1. For V431 and S392 in one chain, what is 0.36 nm times their gap in residues minus the Cα-Cα distance, to one decimal in nm?
2. What list do you get for D499, D114, D199, D541 if you sort them by fewest beta carbons within 10 Å?
3. Which ordering of R444, R485, R256 is given by a fewest-first count of other beta-carbon atoms within 10 Å?
4. Per 0.36 nm of contour for each residue apart, how much would the distance between A24 and R254 grow if the chain were fully extended, relative to their Cα-Cα spacing?
5. May I ask which residue of A354, S450, A374 lies farthest towards the positive end of the charge dipole of the chain, with charges of +1 (Lys, Arg) and -1 (Asp, Glu) on Cβ and the Cα centre as origin?
6. Calculate how steeply helix 123-148 sits against the longest principal axis of the alpha-carbon atoms of the chain, using the helix alpha-carbon long axis, and give the answer as 0 to 90 degrees to the nearest 10.
7. What order, most packed first, do the peptides 161-172, 328-339, 30-41 have when packing is the mean number of other Cβ atoms within 10 Å of each residue?
8. Using 7 Å Cα-to-Cβ label points, what is the D301/A192 separation (nm, one decimal)?
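None of the figures in this text is laboratory data; all of them are computed from the coordinates on show. Treat the numbers as computed from the prediction; the structure is a model and nothing was measured. Backbone-built Cβ (ideal geometry, glycine too); neighbour counts: all protein chains shown.
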Amino acid sequence: MGTGSTAASTIAVTNGRARAFAWALFAAATAALVVLAATGAPWPAPVPLIVLALLVALSVNHLAVFPSEWSATGEIAVLVAAVVGFASEPSWGGGEPASLLGPLAIAALCGVFDVSHWQRRAFWRMAYNSGNRMAAALPAALVFGALDGEHTTWHAFALAALATSIVFAFVDLVLFVAFERVRSGVWSRAVAREGLFYDCLSVPLGLFGAFAGWLALEVDWWALGLVLLPVPFVPELALVRARRALGRRSLVQRVRVALPTVVVAIGLLTVVALVLPLPSASRFAGIAAVAALAGVEFSVDHRHPVAAMTAIVVVAGAIVGGAAALAGAAVGAIVASATAVVASGIPIWWAPLAAGSAALASTALFDAPDISVAAAFATAVLFQVLVVTRPSRVVWTAPVVASAVALAGTWKMLHTAGSFVFAAGMAGVTVAAVRFGAPPWGSRVLGPWSQRATTRVHRAMIVASAAIALVLAVVAVAVGSMTTRAALVSAAAACACADSAMAMFAVRQWRFVSIARVREATIAGGCTLALLLGYVPLALDGDAWSLVIVGVTVALSGTVAWRPARLAEAASEPVVVAGREPARPR
């Protein structure tokens with residue numbers, strides 16, 4: 001009894017100290033907010049406040065929990081985005097930016113929105129979370145304002161974003177160590193190491209949040225919400241699931257394998273920045289982001305160190321880059337190749353160099369401020385040839401490459417928002433195509449997914465894609481604005497090329513007779529070329545004959561894909577065996 005009473009008393013004292021520290025921290029942070037409001041600091045506008053509040057609510061309720069009862073969340077990206085966004089966003093009523101009260105208001109919600117703490121009535125934990133985030137957000141906002149207050153250059157912004165993320169992570173770590181010191185009464189290096197583990201993602205997430213905040217100022221706050229939407233799931237994926245997926249190979253071994261490739265890629269990007277004229281900052285960031293996403297999908301090995309489908313990023317960079325087409329193509333190739341090599345976990349440090357060299361060589365032949373779709377398609381094919389791609393693979397991937405050429409035109413017209421349109425459009429084209437057959441490239445995501453997923457709407461997909469292409473083509477001819485027409489023509493060509501891609505993948509997967517296979521692949525490839533060389537030039541001039549080309553090409557592609565689509569749908573049907581339950585489709 002005596003020992004039990006002493007233990008209970010010790011726990012009560014420990015919890016009492018922790019509660020007192022949490023409430024004191026919350027009171028101090030709240031006092032700072034009240035003082036700023038009383039002295040006339042401007043309040044943030046409601047729209048960005050609502051967008052960021054929703055992202056905070058999503059972040060604090062998706063967490064990676066550890067045995068110590070601490071957890072890691074991703075709201076630091078949202079808070080740094082608030083620091084960057086509110087530094088320039090006009091306040092409520094159109095006055096001075098709410099550079100201090102905006103981040104503090106968002107940080108105060110980090111404890112309030114935690115559903116699990118409400119369910120357990122853990123109000124002091126909510127107070128600690130809000131106080132911690134407010135105490136970190138205030139100096140972070142002051143540092144960012146001091147380093148990038150006048151928004152002079154891109155380099156100054158990058159330095160300010162890095163310093164802001166480091167300050168945020170440092171304050172969070174200091175408060176964590178102080179809380180453990182108050183709760184346990186001891187200080188040790190193990191506590192600091194534990195805090196560093198929990199905060200290891202703080203600086204990378206903070207930099208990503210700074211980019212999102214800059215994007216909100218360049219485009220709109222909806223773009224920030226779209227970019228930060230996956231961030232709440234990063235801590236669990238990176239700190240829990242990724243560690244399990246590492247298997248027997250340790251993190252140190254993987255870093256050792258990836259480090260030479262990363263160093264070479266950074267060196268190449270530095271050389272490109274020093275030697276060649278670069279696209280605008282928004283387009284440069286968009287090209288790099290799209291290339292990184294593409295690199296995650298592409299699988300490489302020692303026999304094929306550069307993925308042939310890197311051509312879609314190369315041609316997109318060349319088109320979007322405009323006068324800086326060489327730099328755009330090189331950046332896309334280097335980032336995509338480095339990402340693919342690192343994701344594959346193989347030591348091919350020279351792959352980014354080979355990809356960048358092939359991109360420069362292929363783009364240099366057709367370099368022009370306004371590259372035509374025919375020249376862009378030729379650039380992509382030449383890149384595939386230079387990286388030693390089999391001729392058959394060039395043919396099978398031609399419609400997907402043509403879709404990338406068309407969507408890159410839309411990206412160029414829409415400027416910063418076009419990168420999202422390009423990424424979403426290419427995802428739609430490739431997902432639709434792989435439903436008809438295995439992708440003709442080394443695939444890390446779509447290939448395994450296409451083997452697991454089942455669907456019986458192949459023919460509906462053909463009809464839907466053709467209908468969308470025809471509607472867009474009709475509207476493109478009818479509109480008078482050249483900019484709007486160019487964007488619609490590119491979108492219509494991409495949808496029609498998606499029909500050709502579905503037909504090409506279906507022929508590759510389901511046609512085994514050589515004559516029929518060659519004949520129907522030729523038809524699908526011919527439709528792709530007709531769209532790029534015939535439809536696009538006529539549609540840009542507003543010629544009604546372009547509608548005929550679209551109609552004929554989608555009809556021919558649909559005819560080629562129709563019978564394989566029926567076979568694919570039949571293969572997805574459950575197998576009924578007499579006396580047994582129907583087997584579930586694979």
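1. Values: separation 39, 0.36 × 39 = 14.04 nm, distance 2.09 nm.
Value of the extension gain: 12.0 nm.
2. Details: D499 34, D114 23, D199 18, D541 12.
Ascending number of Cβ neighbours within 10 Å: D541, D199, D114, D499.
3. Numbers: R444 17, R485 20, R256 11.
Starting with the residue having the fewest Cβ neighbours, the order is R256, R444, R485.
4. Numbers: separation 230, 0.36 × 230 = 82.80 nm, distance 4.32 nm.
Contour length minus Cα-Cα distance gives 78.5 nm.
5. Of A354, S450, A374, it is S450.
6. The angle comes out at about 70 degrees.
7. Values: 161-172: 21.5, 328-339: 30.5, 30-41: 12.6.
My ranking of the peptides, most packed first, is 328-339, 161-172, 30-41.
8. Rounded to a tenth, the inter-label distance reads 4.7 nm.
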